[in-house]
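Working notes for the structure below.
What follows is calculated from the coordinates using simple rules that are stated; it is not laboratory data. Values in this document were obtained by computation on a predicted structure and should not be read as measured data. Ideal geometry is used to build each Cβ from the backbone, glycine not excepted, and the neighbour counts take in all protein chains shown.
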Ligand code: ASP
């Protein structure tokens, strides 16, 4: 036996007990020959004090200990000297007076000190097994475990069963590039790693499973933008004979159980619901962060006959005029105004018109074009006050909403930096970290997404969610009439504080409708057979109505753990070039392995 107590257990009532602890030397301090050691295991820290006058031999041995050596210590639990207790430590009232020390292993020179936050992420990733010893990351792994355990327990309680689906599978059209795995036995043929178990879970519904879930690994070969990983984890759910309301209530219950288990947080259910049109129209985003009160106001009716050409022509062309009121923004600097204008242009606007309200005056070159009635409408709809700044978007609905949605987020970010600065805190670097304006957890369903989106690059319609999502029943006539831009899907997302954490849909279960959907997506009858023949055949053998949802587990755990990156909640993540720096993968392979697979590398271009 290496130990009988962990490093976070001993309290005053244990004084006098004989114990054995094992763990890592967290820090050592030498106070004039007396060696203090903070011994660490995954539970916490306990102080061990080697005093030469008590045991000269042991003290001499302890002198050789360095950070991260692995030791076993037996001794007596004693009270700390009055005045030396540490209220920040659970074991801060006691210390161990050792009678035996066993050095189990020595640590080499450390890649970085374990008790500081290392700045160099590559260094952390190269020594990830060491990095993970840090209490924050150790805690994150546990939060993740709590989340998956609560998920399994809750869904099990609701009658869902976990079914594993293949990792060596066939390409699914989830929109990203597949990772391919060559077949040795059938040279020239490839498996694909699943982007999501979408088809398998639908086939499980045809198989009569009725209630399925899986904590599933998914793989997407993308150029890693922002905070993505080539392999990630989903909580994947599918059920038969359900409506969207059934899926909403099971996932609300699951999220409540997760938050309770992981952080003892009571979340409010049921979640509010907004349609896609409402979300984008009011917040300029299909994943609105409603912790910021600012909303987009529609002014199209007020400017329909405007003398201001820019607004009028946007409306004449079938577009809209919208605005937001940025409270207290009349004092924005030229630099900030330029930055916001750049954002507007990036998302498709020609520029960014705004009015500052200063000293009772509306300051902007565009005000002179407005009629009194237009000014009155602006005044009342936007509740304009001294110090405000009004930003306008006049464009196609999608563009005006998106542009103002982006401006809205940036304004909120700048406002929260101001608030922090006013409180004397230094804010995060501008533009990098999202603000947390309130500690509330704002959950929201966004429903009724468009079924299709137009791809100008491919010059065709794509499925906005995926090709198995069904149109809303009310919009079936639009589907028959091929009015693709107007059809709404029975699809929904869950949004938490402006982050999409999950999404799903009701599926097509009628083979004829699925064929029509493939046709609308420009998939030829031959491709339909070769890619989806198994699914179409399954739908012909008594497929029940079904639907489901999937959650990004990494992102969910990140939010629950209060982290800024999913890499902090994944044990062994890849870096932004999809590399595992620890094991140096991807790596070259033995030419023999390639020969076995019938693979020849193309000559590198000189
Ligand atoms: N398979 C979908 C996805 O990964 C989720 C779903 O429709 O259930 O986004």
Sort out for me the Cα centre separation of the stretch 359-423 from the stretch 154-170, rounded to whole Å.
49 Å
Step by step: find N for the stretch 466-560, compute 2.2 N^0.38 Å, then divide the Cα radius of gyration by it. What's the final number?
1.26
When the convex hull of its Cα atoms is projected in every direction, mean area for the stretch 528-606 (nm²)
11.3 nm²
Relative contact order of the chain, pairs being alpha-carbon contacts under 8 Å that are 6 or more residues apart, as %:
13 percent
Distance between modelled label sites at residue 381 and residue 53, nm, 7 Å Cα→Cβ extension:
8.3 nm
Please report, in whole Å, how far the alpha carbons of the stretch 127-282 spread along each principal axis, starting with the longest.
54, 47, 39
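Counting every Cα pair in the stretch 1-139, what percent are over 28 Å apart? Intermediate results must be reported in sequence, preceding the final value.
Details: 1640 of 9591 pairs.
Across the stretch 1-139, Cα pairs with separations above 28 Å total 17 percent.
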Between the stretch 1-76 and the stretch 468-510, what is the separation of their alpha carbon centroids in Å?
61 Å
Across bins of 20 angstrom width beginning at 0, how are the C-alpha pair distances of the chain distributed, in whole percent?
15, 39, 32, 12, 1
In whole Å, what is the distance between the alpha-carbon centres of the stretch 235-304 and the stretch 515-541?
32 Å
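Counting only Cα atoms, I'd like the Rg/Rh figure for the stretch 441-504, Kirkwood definition for Rh.
Values: Rg = 13.1 Å, Rh = 12.6 Å.
Value, to two decimals: 1.04.
Can you tell me how the stretch 103-162 classifies by the Cα gyration tensor, rounded, prolate or oblate, using a/c under 1.5 as the rounded cut? Mind showing how you got there, number by number?
Numbers: a/c = 3.70, a/b = 2.60, b/c = 1.42.
In terms of gyration-tensor shape, prolate.
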Want the number for residue 12 to residue 153: 0.36 nm per residue separation, take away the alpha-carbon distance, what's left?
47.1 nm
The stretch 469-606 - percent relative contact order, Cα under 8 Å, separation 6 or more
16 percent
